[in-house]
Amino acid sequence: MEFCERCGGLLLPDAKKKKLVCGGCGKSSKSKANVVVKEEVNDTNVKLEVIDKDLDVNPEIEADCPKCEHKKAKFWTLQTRASDESETRFFQCVKCSHRWREY
Ligand SMILES: [Zn+2]
Ligand SMILES: [Zn+2]
């Protein structure tokens, strides 16, 4: 796992550029991506795989789980390249592991 030298954000594999790109500020890493990204999968699947691997490092914050109403969830953000540069916030309940996203 590598982190952005500019903002400290988590570097995510970019399937199109074939290198690591910061999920926070969008800066691409100088170091060569040491990750295997399947070209066939769409962007959403790539992101979800990354999220699965890195869940342990995400901070817990106060958030209401829509499923079990637990008050704490792990939290992370991703920049979506699809439409605009808006940031997508993801949560995972620490109690029931339910995941949801907030726009
Ligand atoms: Zn960054
Ligand atoms: Zn829950």
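Does L11 satisfy being assigned to a strand (DSSP E or B), modelled with pLDDT of 80 or more and within 16 Å of ligand 1 (Cβ to nearest atom)?
Criteria met by L11.
Can you find a residue that is of a type in the set (A, V, I, L, M, F, W, C), over 24 Å from K18 (Cα atoms) and modelled with pLDDT of 80 or more anywhere in the range 76-89?
No, the range 76-89 contains no residue that is of a type in the set (A, V, I, L, M, F, W, C), over 24 Å from K18 (Cα atoms) and modelled with pLDDT of 80 or more.
The values are calculated or read from the model by the stated rules, or taken from the named source; none is laboratory data. Fair warning: this is a prediction, and the values are worked out from it, not measured in the lab. Neighbour counts are summed over all protein chains in view; Cβ atoms, including those assigned to glycine, are modelled from backbone coordinates with ideal geometry.
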